[in-house]
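Accompanying notes for the structure given below.
The values are calculated or read from the model by the stated rules, or taken from the named source; none is laboratory data. Fair warning: this is a prediction, and the values are worked out from it, not measured in the lab. Here the Cβ is made from the backbone with ideal geometry for all residues, glycine too, and neighbour counts use every protein chain on show.
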Amino acid sequence: MKYNGITLKVAQNSFSIEEVEDQSDDRFEVIPETPLREDAFDITDEEKINAISGYFKEIMQTLGLDLEDDSLKGTPNRVARMFVKEIFSGLNPKNKPIISLFDNKYKYNQMLVEKNIALYSNCEHHFVPIIGKAHIAYISSGKVIGLSKINRIVQYYAQRPQVQERLTLQIANELKSILHTEDVAVLIDASHLCVSSRGVKDTDSSTVTAEYCGVFLEAERRREFLKYLNSK
Ligand SMILES: [Zn+2]
């Protein structure tokens, strides 16, 4: 995966242009695909749920848990179903949201910012949650997208085992491709439970990643975008 954007840690929820480096050269060209095997979808969801349920039961048993216990016996199936149908459902292209666009009848040609989109993902290194907010901006090239569809795109790519850098790029690439424009910005500010609930146990830090394309490579546009994010 090539990631030429920035990753920075901030302690409080505010952004400034000084925190963002100019990244106008050396742009990535490759869409950062989630590493999937070719046979990823050769078996059905139900077959996956059955298999994962068995494996998870083994894990629980190995940990010494009593699977006969009333409270625990349904857990393997519950976890397997949650993996396949919910938190990792974005691995399957059949779950990709269908996006319809509308004509930009109002000829609105300034940036549209949708901020504070709830983001729930899972870290692919530890399989524990990444919780944060995504902030998206674009400038219409003639078509506009239904606002809730932006949330759906964020959710779709978040519902995979992820690293935040790749997630940021995947959302930006998808928006550029759907909206037929380069003028897209994506900023994600998220806490990683693998950092806060274990390991260094840093409960205050969050990780910010940003991808700026098209006119958002200009400092003035970025400043405007960041200003909207800081406004209430
Ligand atoms: Zn992790």
Is it fair to say residue 201 is of a type in the set (Lys, Arg), within 15 Å of the ligand (Cβ to nearest atom) and without any contact (Cβ under 8 Å) to a residue 60 or more places away in the chain? yes
Does at least one position in region 144-165 carry a residue that is assigned by TED's automatic domain parsing to the domain that holds residue 211 and more than 19 Å from the chain's Cα centre (by Cα)? yes
Within region 40-52, can one find any residue that is of a type in the set (Ser, Thr, Tyr), part of a loop (DSSP other than H, G, I, E, B) and closer than 25 Å to residue 162 by Cβ? yes
Looking across region 177-194 at residues that are in contact with a Cys (Cβ under 9 Å, 6 or more places away or on another chain) and not aliphatic (A, V, I, L, M), the single one that is nearest to residue 158 (Cα to Cα) is 192
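Residue-wise test of (1) surrounded by 15 or more Cβ atoms within 10 Å (Cβ to Cβ); (2) among the aromatic types (Phe, Trp, Tyr).
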residue	(1), (2)
67	no, no
76	yes, no
80	yes, no
83	yes, yes
93	no, no
101	yes, no
Test: residue 53 is modelled with pLDDT of 95 or more and in contact with a helix residue (DSSP H, G or I) (Cβ under 6 Å, 6 or more places away or on another chain): yes
In region 207-229, is there at least one residue being of a type in the set (Gly, Ala, Ser) and over 23 Å from residue 35 (Cα atoms)? yes
Those residues of region 106-124 which are farther than 14 Å from residue 139 by Cα and away from the ligand (no atom under 16 Å from the Cβ), in sequence order: 115, 116, 117, 118
Conditions: (1) assigned to a helix (DSSP H, G or I); (2) under 24 Å from residue 48 (Cβ atoms); (3) in contact (Cβ under 8 Å) with a residue 40 or more places away in the chain. Residue 79 meets all but one. Number of the miss? (3)
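Do we have any residue at all in region 83-101 that's within 16 Å of the ligand (Cβ to nearest atom) and part of a strand (DSSP E or B)?
Looking through region 83-101, none of the residues is within 16 Å of the ligand (Cβ to nearest atom) and part of a strand (DSSP E or B).
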Could you give every pair whose Cβ atoms fall below 7 Å, whose first residue belongs to region 116-133 and is in contact (Cβ under 8 Å) with a residue 60 or more places away in the chain, and whose second residue is among the charged types (D, E, K, R) and more than 10 Å from the ligand (Cβ to nearest atom), counting only separations of at least 6 or pairs across chains? 119/133; 132/189
